[in-house]
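Down below is the structure, laid out as structure tokens.
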Amino acid sequence: MASNLAVAVMNGIVWGLILALIALGLNMIFGLLHIINMAHGALYMLGAVAAWYFIELTGNYWLALGTAPLVVGGVGLALERGLLRTIEDKPLVTIICTFGIMLALQQLVLMQFGGTARRIALPISFRFPLFDLQYPAMRIAIAAISAAVMAGLWVFLNKTRYGLWMRGVVQDREMAVALGIPVHKVYMWTFVLGSFLAAFSGVLAAPIVSVDFMMGREILIMAFIIVIVGGMGNLWGSVVTAVMISLIQGVGSIFVVPSTATVFSLGFMILVLLVRPQGLFGE
Amino acid sequence: MERAPQPPILALSKVSKSFGGLMAVNYASLSVNKGELRALIGPNGAGKTTLLNLITGIHTASSGTIRFKGEDITRLPPDRISRRGISRTLQVTSLFSGLTVYENVWAAVQSRKRFFNPFVRAEAWKDVAGKTEAMLELTGLSDKARTVCSELSYGDQRILEMGIALSTEPDLLLLDEPTAGLSTRESMGLVKRMRAMLGGRTILLVEHDMGVVMELSDRITVLHYGEVLAEGTPAEIMANAEVHKVYLGS
Amino acid sequence: MLADRGKGAVFVPAFGAVAAVLAALPFFVDLFYQTFLTEILVWVLFAISFDLIFGYTGLLSFGQALFFGLGGYAVAIPVLKLGLGTGTGLLLSVAVPALFAALVGYFSVKLSGIHFVIITIIFALIGSTLGESWAWLTGGADGLVFPAPPIDFGLFRLDLMDIRSTYYLVLAVVALSYLFLRRMVQSPLGKVFVAIRENEERARLIGYDVRFHKLLSFVIAGGLSGLAGGLYSVSLKYASATFLHWSVSGHAVVYTIVGGAGTLLGPVLGAGLIMSLEHYLVDFLQATDLVVGAVLVFMLLLAPRGIMGLAQGRRK
């Protein structure tokens, strides 16, 4: 029992940190562009699939982790410049548009990659004892990398010029324009960064889950839950919520069936939407 | 023989509203009599629009009571207040922008019905059609009836919004800066049109243009930092030293 | 003066002609195409019911799949487990989803904009999660297969195991629903919905109870989405929890956007066109969603008012 619980807690934290990265991307795009990006889960999936191809080609997971998110970031760039730019001021239209993008991306991957789920071998096969079970060290590495990326993101947002611009646009768009911040460039790079983060977490998750063209569908909803409960536009709230929800689901699934846990977290989300639409950590 | 004084149609008693500690309206009392055109003036941020929002239920007063035709409406939602007979225009023109002028007025005229039958064609409601056409006549927009209202000139949009507000057959009409954003010439045209449209109605008018205020109003209430500073006829207000201090800073 | 005046003169013969052609078609096409036409008609009903809430009332609901899926089960479960008739089942396929729509809508219409979109997705997800885990009732993802008993109309019996009879049942119900919705959107009630879509605040200020009318629109749309789901399960003799998944709502969204939201003819054309496109492309592309997604995105960017918008734009 103790070891089951320990594993559940460990898994909860590892998975929570991956989810936090996904939700951060979704939340940045929402906070800045006011776009609910329905294609976010598909970009996560695209990251994992791209990584699978890179690994097939080079045999090196770490190389894939470095390159696949960049490729997907490029896809994000094309989507923002080519499609979303003209409709960014219409929230409902962008929801439908990104839904269309999601359909197209999933189908493209199905055509190229096929419908069967594939596994990526753990690049670190070492396991260490956790009570009477063996816990894979790779998961610890994944959690550490996630945390490092988030720390890097924090530095980027707080210490660099672009980061300050982004925060300025979130706070007061008109003021930002008046101050000469290139708002449309900020939009573009935010979408690229969001896509990059989605893909990066996709590559991180790939060795834990299996890779298939539908893997982004449930993740998208998880990311929504996290962003809403943590507060739309509240990045720190997303990180805390991601780890919290993942822990609750992980530990909870020892005691109840997963679907019950899902229904409860969905019900909780409805409650938050109705009672505290600004999120648990909003003002 | 003097008639017994009628109770005011609208009576605000010690009404306050704060937004997160900031007092937008502070202990304001105000009554408007039937048939009068009352202007509400004051510098920017004096709480004029907030006061209109409280009367129409867009915001709810933090304290105090608002009575309309003798009944307490302080806590009613906007649609119920509209049905009791208060109508208004907004500072930023608020229309059904994708619909035609005719459809805009129709929606407002139709709103006085209790049951919206889903099984008859709207055109079958001849009384609504008649009132709609009469209102178009009154606003002088008959020849633009088929124009989608986002394509109207700004001045016409202001008039249309007034027509919509009037179409609900209100006993009290609130106008929030009808001449905002208009040129002097357009303003004069609008005032002329307003005189024709609004004769004999009870009106509470918020307006920046003192020329318009002086020309139209029977009495004036001056609001300053959410408080009622002065009240009187246009001549009295013009002569009031405190009002001068607020407006001219002297 | 109202936008629709005078169109009746065109509409009545046009509707009659289309109905006549559709009624005659089974005598000229084989069983495969009869099934295909039945399916198109079902999705037409789903799309026009979505259009009532989105195109006319201005609320983007991604939760219509919940009512569509419930409609399917409202036929399958009573027929299979309670031995009720198909006709009763179809009545239930309106009533049960409408009841759920009242419950879901009561909470959802408190929110607007993107929050409304998200809460409708969540409600549908709760439905599909429960549907999949309550396999004893729903058959889960495998679904329920059931024989649809014939409907006795007194004068004749409609054998629903027969593809052509099923087609006629679906055609009749969808045609009647279309007429019902057409009358509604032209009625005073329809004008209220459109006023709310165009400017919620203004609608409230002239005395409309916005929340009540949004709920009313949501319930009617939910009932008709349910009816579409009921007809679908009758035509397939099958209901499944996968129909409850929020992404199924995407069908209605796509057909409505492509055809033209806020018109009833638009979603009909959209459903017919997209489904035909999928049908003909599937043989050599195997990538129907790719085409659907691409068509959706490009229509949004280049012709946001859909096919109907293009047609009306040309007439101007």
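Could you please give the count of residues in the range A:249-283 that are part of a helix (DSSP H, G or I) and touching a residue at least 24 places away in the same chain (Cβ under 8 Å)? Don't jump to the end; show me each part of the working.
Of the residues in the range A:249-283, the ones part of a helix (DSSP H, G or I) are A:249-255, A:258-275.
When the remaining residues are screened for being touching a residue at least 24 places away in the same chain (Cβ under 8 Å), the result is A:249-251, A:253-254, A:265-266, A:268-269, A:272-273.
So the answer is 11.
Could you check, for the range B:13-22, whether at least one of its residues is buried (at least 16 other Cβ atoms within 10 Å of the Cβ) and not in a strand (DSSP E or B)?
no
Just one of the numbered conditions (1) away from chain C (no Cβ under 14 Å); (2) surrounded by fewer than 17 Cβ atoms within 10 Å (Cβ to Cβ) is not true of residue B:143; which one?
If we test residue B:143 against (1) away from chain C (no Cβ under 14 Å); (2) surrounded by fewer than 17 Cβ atoms within 10 Å (Cβ to Cβ), just (1) comes out false.
Tally the residues that are aliphatic (A, V, I, L, M), in a helix (DSSP H, G or I) and touching a Ser or Thr at 6+ places or on another chain (Cβ under 7 Å), restricting the search to the range C:162-214. Break it down stepwise before answering.
Going through the range C:162-214, the residues aliphatic (A, V, I, L, M) turn out to be C:163, C:169-176, C:179, C:181, C:184-185, C:189, C:192, C:194-196, C:203, C:205-206, C:210.
From the residues that got through so far, the ones that are in a helix (DSSP H, G or I) too are C:163, C:169-176, C:179, C:181, C:184-185, C:189, C:192, C:194-196, C:203, C:205, C:210.
This time we only want the ones that are touching a Ser or Thr at 6+ places or on another chain (Cβ under 7 Å), so: C:163, C:170, C:196, C:205.
Looking only at that region, the number is 4.
Could you tell me which of the residues C:123, C:107, C:156 is more than 14 Å from chain A (Cβ to nearest Cβ) and of a type in the set (A, V, I, L, M, F, W, C)? If you could, list the steps in order and put the result at the bottom.
Numbers: C:123 fails: more than 14 Å from chain A (Cβ to nearest Cβ); C:107 fails: more than 14 Å from chain A (Cβ to nearest Cβ).
Only one candidate passes the filter, namely C:156.
Looking at (1) within 14 Å of chain A (Cβ to nearest Cβ); (2) among the aromatic types (Phe, Trp, Tyr); (3) more than 27 Å from residue C:196 (Cβ to Cβ), which is the one condition that is false for residue C:54?
It fails just one condition, (3).
For the range C:126-137, which positions are more than 22 Å from the chain's Cα centre (by Cα), more than 7 Å from chain A (Cβ to nearest Cβ) and either crowded, with 21+ Cβ neighbours inside 10 Å or among the small types (Gly, Ala, Ser) (or both)?
Scanning the range C:126-137 gives a single hit, C:135.
So residue C:193 clears everything in (1) away from chain A (no Cβ under 14 Å); (2) without any contact (Cβ under 8 Å) to a residue 40 or more places away in the chain except one condition, right? Which one?
(2)
Among B:182, B:138, which is away from chain C (no Cβ under 12 Å), in a helix (DSSP H, G or I) and either at pLDDT 95 or above or closer than 29 Å to residue B:213 by Cβ (or both)?
None of the others qualify; the one that does is B:138.
Among strands (runs of 3 or more DSSP E) lying entirely in the range B:200-245, which contain 1 or more residues that are closer than 22 Å to residue B:188 by Cβ?
On the way: elements: B:203-206, B:219-224, B:227-232.
Passing ranges, in order: B:203-206, B:219-224.
Out of the residues in the range B:61-89 meeting the condition of being assigned to a loop (DSSP other than H, G, I, E, B) and either at the interface with another protein chain (Cβ under 8 Å from one of its Cβ atoms) or touching a Ser or Thr at 6+ places or on another chain (Cβ under 7 Å) (or both), tell me which one is nearest to residue B:207 (Cα to Cα). Reasoning before the result, please.
Let us first name the residues in the range B:61-89 that are assigned to a loop (DSSP other than H, G, I, E, B), namely B:61-62, B:69-70, B:73-77, B:85, B:89.
Next, from what is left, pick out any that are either at the interface with another protein chain (Cβ under 8 Å from one of its Cβ atoms) or touching a Ser or Thr at 6+ places or on another chain (Cβ under 7 Å) (or both): B:61-62, B:74-75, B:77.
Working: B:61: 22, B:62: 25, B:74: 24, B:75: 26, B:77: 25 Å.
Checking each candidate, the answer is B:61.
Within the range A:267-283, count every residue that is at pLDDT below 90 and aliphatic (A, V, I, L, M).
So the count comes out to 2.
Tally time: how many residues in the range A:50-95 are polar (S, T, N, Q) and under 30 Å from residue C:55 (Cα atoms)?
Our first condition is that a residue be polar (S, T, N, Q); within the range A:50-95, this holds for A:58, A:60, A:67, A:86, A:94.
From what is left, the residues that are under 30 Å from residue C:55 (Cα atoms) are A:86, A:94.
So the answer is 2.
Please give the number of the condition residue A:260 fails out of (1) within 11 Å of another protein chain (Cβ to nearest Cβ); (2) over 30 Å from residue A:121 (Cβ atoms); (3) of a type outside the set (D, E, K, R); (4) buried (at least 16 other Cβ atoms within 10 Å of the Cβ).
In the conditions (1) within 11 Å of another protein chain (Cβ to nearest Cβ); (2) over 30 Å from residue A:121 (Cβ atoms); (3) of a type outside the set (D, E, K, R); (4) buried (at least 16 other Cβ atoms within 10 Å of the Cβ), residue A:260 misses (4) alone.
The values are calculated or read from the model by the stated rules, or taken from the named source; none is laboratory data. Since the structure is predicted, the reported quantities are computational estimates derived from the model, not experimental observations. Note: ideal-geometry Cβ built from the backbone for every residue, glycine included; neighbour counts use all protein chains shown.
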